[in-house]
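The values are calculated or read from the model by the stated rules, or taken from the named source; none is laboratory data. Since we're looking at a predicted model, the values are computed, not measured. All Cβ positions, even for glycine, are placed from backbone atoms using ideal geometry, and neighbour counts span all protein chains on display.
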Amino acid sequence: MTTDLIYHETFTKHMLSPGHPESPKRLKVALERIGSTGLVEGSKVTIVKPEKANLSEVRALHGDDYIQELHAKSEKGGGSFTMDTSANRYTYDAALLAAGGGILAVDRIQDGVSENAYVLCRPPGHHAEHSRAFGFCFINNIAVAAQHLIEKWNLERVLIVDYDAHHGNGTQSAFYSSNRVLYIGLHQDGRTLFPGSGFPNEIGSGKGEGYNVNLAMHPGAGDRSYEMAFQRVVEPIAASFNPEFILVSVGFDGHFNDPLTSLGLTTSGLSTMNAKLHAMARKHSSGRLAFFLEGGYNLDIVGRGSQNLVEQLAGVQITHFEDSHMESENCTVYTKVLLDGMNGMLGGVWKL
Ligand SMILES: [Zn+2]
């Protein structure tokens, strides 16, 4: 079995405003880097072209009026939703293809056709809410895939780990009262970064209480803090939850050289998280694992990070890129306090 790379050329036709950081170039550099590994020619990675998601599957997450509005704006050539989020004539199709890409990825893994997948898509999805486009996102691709796993495949336990630098507000709210989808977000503290949410006390409600975990990282937090967060919170909770499928929202914007954020991860810190998530999938979900591209605005890092991710999924040696960044002692201390606090908040639900 191989690793799927889900990609469609329409993903690069969707454009926000001129000069916008969420640009088609992000996918082009990622494809170039992945191409340089020879994994596609060597048949370890299969490029798979998705079809548009069925509207019935999208409607499980998004309001019909909103979907129609998105369709209408694209039909007439474009239109804006928020200050920084606008559609062009390809946005509706690209968004449905991205959501369809996630569905295809998880179906192929469930069917045993592929082992795991990287959905290399635009537009991203984790900020998209039920009735609004937000934060460069239109349809919540990872949430559509999680819902599909529940409805079509009858899964009881889907884990979503979101390590994009920004809080995945849309994904959180989609499953806030569900105990079938456990959301764990690691992101820069919402007091210092868009979208201003994702605090540790947002733990879910009703049946979903405890099934929403927010690790709000201090600006500057890097490899050391993320390593501690995985060891002390992400891995123990995943072990108790015992997921049947793991979905990951990947953002390369946690890198210390990202222009939009202030975190401190290196390419090797990002790769370490991917390796941990891969190991978690092997241990708990028979290897079932799909990554979805969200953010990342330093083109070099999106390329290198995507290369390392595909290398990880295909089970080959990870290319080492020289970059180093050491988080401050203050950050490490803050993270320890944060993690102690998570214990108090979630210790009743999970063994931490
Ligand atoms: Zn982001």
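From Gly125, Gly102, grab the single residue that is in a helix (DSSP H, G or I), within 12 Å of the chain's Cα centre (by Cα) and either at pLDDT 95 or above or within 16 Å of the ligand (Cβ to nearest atom) (or both).
Only one candidate passes the filter, namely Gly102.
When segment 235-251 is examined, which residues are found to be within 13 Å of Gly347 (Cα to Cα) and either assigned to a loop (DSSP other than H, G, I, E, B) or touching a strand residue (DSSP E or B) at 6+ places or on another chain (Cβ under 7 Å) (or both)?
Ile237
Considering only segment 158-169, state which residues are within 16 Å of the ligand (Cβ to nearest atom) and either assigned to a helix (DSSP H, G or I) or among the aliphatic types (A, V, I, L, M) (or both).
If the condition is that a residue be within 16 Å of the ligand (Cβ to nearest atom) and either assigned to a helix (DSSP H, G or I) or among the aliphatic types (A, V, I, L, M) (or both), then Ile160, Val161, Ala165, Asn169 are the ones that fit.
Provide a single number: the residues in segment 276-311 that are more than 15 Å from the chain's Cα centre (by Cα), away from the ligand (no atom under 13 Å from the Cβ) and aliphatic (A, V, I, L, M).
Number of matching residues: 4.
Can you report the number of residues in segment 1-25 which are assigned to a helix (DSSP H, G or I) and in contact with a strand residue (DSSP E or B) (Cβ under 8 Å, 6 or more places away or on another chain)?
The total comes to 0.
Are any of the residues in segment 243-258 more than 19 Å from Leu293 (Cβ to Cβ), hydrophobic (A, V, I, L, M, F, W, C) and modelled with pLDDT of 95 or more?
From segment 243-258, those more than 19 Å from Leu293 (Cβ to Cβ) are 243-244, 256; that's our starting set.
Going one step further and asking which of them are hydrophobic (A, V, I, L, M, F, W, C), we end up with 256.
Next, only the ones that are modelled with pLDDT of 95 or more stay: 256.
There is at least one residue in segment 243-258 that is more than 19 Å from Leu293 (Cβ to Cβ), hydrophobic (A, V, I, L, M, F, W, C) and modelled with pLDDT of 95 or more.
Say we look at segment 221-253 and pick out the residues that are of a type in the set (Ser, Thr, Tyr) and more than 16 Å from the ligand (Cβ to nearest atom); which of these is surrounded by the fewest Cβ atoms within 10 Å (Cβ to Cβ)? If you could, list the steps in order and put the result at the bottom.
Within segment 221-253, the subset of a type in the set (Ser, Thr, Tyr) is 225-226, 240, 249.
Among the residues that remain, those that are also more than 16 Å from the ligand (Cβ to nearest atom) are: 225, 240.
Working: Ser225: 27, Ser240: 13.
Ranking the candidates gives Ser240 first.
Starting from segment 203-222, take each residue that is among the basic types (Lys, Arg) and list its partners that are surrounded by fewer than 24 Cβ atoms within 10 Å (Cβ to Cβ) and modelled with pLDDT of 95 or more, counting only C-beta distances under 7 angstrom and pairs at least six apart or across chains.
Lys207/Ser177; Lys207/Ser178; Lys207/Asn179
Exactly one condition in (1) in contact (Cβ under 8 Å) with a residue 60 or more places away in the chain; (2) surrounded by fewer than 24 Cβ atoms within 10 Å (Cβ to Cβ); (3) under 29 Å from Ala279 (Cβ atoms); (4) in contact with a helix residue (DSSP H, G or I) (Cβ under 7 Å, 6 or more places away or on another chain) is not met by Ile184; state its number.
Checking Ile184 against (1) in contact (Cβ under 8 Å) with a residue 60 or more places away in the chain; (2) surrounded by fewer than 24 Cβ atoms within 10 Å (Cβ to Cβ); (3) under 29 Å from Ala279 (Cβ atoms); (4) in contact with a helix residue (DSSP H, G or I) (Cβ under 7 Å, 6 or more places away or on another chain), the one that fails is (1).
To keep it simple, each residue is scored yes or no on (1) assigned to a loop (DSSP other than H, G, I, E, B); (2) within 16 Å of the ligand (Cβ to nearest atom).
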| position | (1), (2) |
| --- | --- |
| Ile150 | no, no |
| Glu156 | yes, no |
| Thr171 | no, yes |
| His187 | no, yes |
| Thr192 | yes, yes |
| Pro219 | yes, yes |
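Would you mind telling me which numbered condition in (1) within 16 Å of the ligand (Cβ to nearest atom); (2) of a type outside the set (Ser, Thr, Tyr); (3) surrounded by 24 or more Cβ atoms within 10 Å (Cβ to Cβ) Asp258 fails?
Here Asp258 meets the rest and fails (3).
Of the residues Gly42, Gly38, which single one is at negative phi, surrounded by fewer than 19 Cβ atoms within 10 Å (Cβ to Cβ) and without any contact (Cβ under 8 Å) to a residue 60 or more places away in the chain?
Gly42
Consider only pairs whose beta carbons are under 9 Å apart and that are at least six residues apart or on different chains; among these, list those whose first residue lies in segment 279-308 and is more than 25 Å from His20 (Cβ to Cβ) and whose second residue is within 15 Å of the ligand (Cβ to nearest atom).
Met280/Val161; Leu289/Val248; Ala290/Ile142; Ala290/Val248; Asn308/Leu270
Could you run through segment 294-320 and say how many residues are under 15 Å from Met273 (Cβ atoms) and surrounded by fewer than 20 Cβ atoms within 10 Å (Cβ to Cβ)?
1
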